[in-house]
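Structure, as structure tokens:
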Amino acid sequence: MTDLKQLLEELINIIKMTSDPFKVRVEEILEELSSALPEMESEDLQVDGEIISLLAKVVKEQEEWVKREASIAAIGKIIALLKIKALDSKGLAKELLENWNPIADLSQVTFAEVYLALSYLKSKREYELGERITQGFEVTMPEPGVDIKQLMDELEEELADILRRGKVPYGEVIRGKDVMDMLLRAYALSCLATMGKVTITYDPLQDEYYVERAGEGESYSQVVQLGRYVNAD
């Protein structure tokens, strides 16, 4: 029988990670639900209903996307050209900012890439902000000698103790004395998950991520947006 909770988690993750509604395999999921229906128990019906509700929203988005694209294909180019010609430089800049879609999203950037970028910018002293601009702000960077392997070993030892009592909220595991410490712990935790030492799961009913002991078989982890935890602190 299809694992409905796992199917729901997969569906939620796909919807979060893509803006294209056609990347959701609606027909296949409906076929899986149809084949699993005869064996469903009463507690499975709630999860089944949540999946159906999400699929209905996806189909609605697909319909709106088709209508929007059809309309744009017909008159979009003409309207856009006329509007651009009528705008002054400030209006054109405003439209550009409002309609700009960056090629990369914060959720796609790893901590290692952020740290590399900050290290590069820090070395470019000619681009440092002036004293008046930076007054009142303090940026703390970890020392170049940060031992990630040691941090992973310490975190693994810490988790070996607390995970004996069951799964632990992700936010509690990465909590540190400051933001940089939190980011380092999150990076070390992601490495442990990649190595199969722990498993990161998502509970859609509580909208919460958890860290669990790695079970038998293939381990897996979730893509976690750190912004929700950094902003919470």
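Computed from the coordinates by the stated procedures, all read-outs in this text should not be read as laboratory data. Note that the structure is predicted; figures quoted are calculated from it, not measured. Here the Cβ positions follow ideal geometry from the backbone for every residue, glycine too, while neighbour counts run over all protein chains shown.
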Only four residue types carry charge here, +1 at the Cβ of Lys and Arg and -1 at the Cβ of Asp and Glu. Report the dipole size of region 4-99 about the Cα centre in Debye, rounded to the nearest 20. 1200
For residue 208, which sequence-distant residues (separation of 5 or more, or a different chain) have an amide H within less than 5 Å of its own amide H, given hydrogens modelled in the peptide plane? 203
Neighbour-count ranking [beta-carbon atoms within 10 angstrom, fewest first] of 228, 185: 228, 185
Considering the options 8, 22, 78, tell which one lies farthest towards the positive end of the dipole of region 4-99, charges being +1 on Lys and Arg and -1 on Asp and Glu at the Cβ, about the Cα centre. 78
Between residue 36 and residue 212, how many nm apart are label points set 7 Å from Cα along the C-beta direction? 1.5
What are the ³J(HN,Hα) values, in whole Hz, obtained from phi via the Karplus relation 6.51 cos²θ - 1.76 cosθ + 1.60 with θ = phi - 60°, for each residue of region 26-40 in sequence order, with x given for Gly and Pro? 4, 4, 5, 5, 4, 5, 5, 5, 5, 6, 8, 4, x, 9, 5
Between region 1-69 and region 142-205, how many Å separate their Cα centres? 31
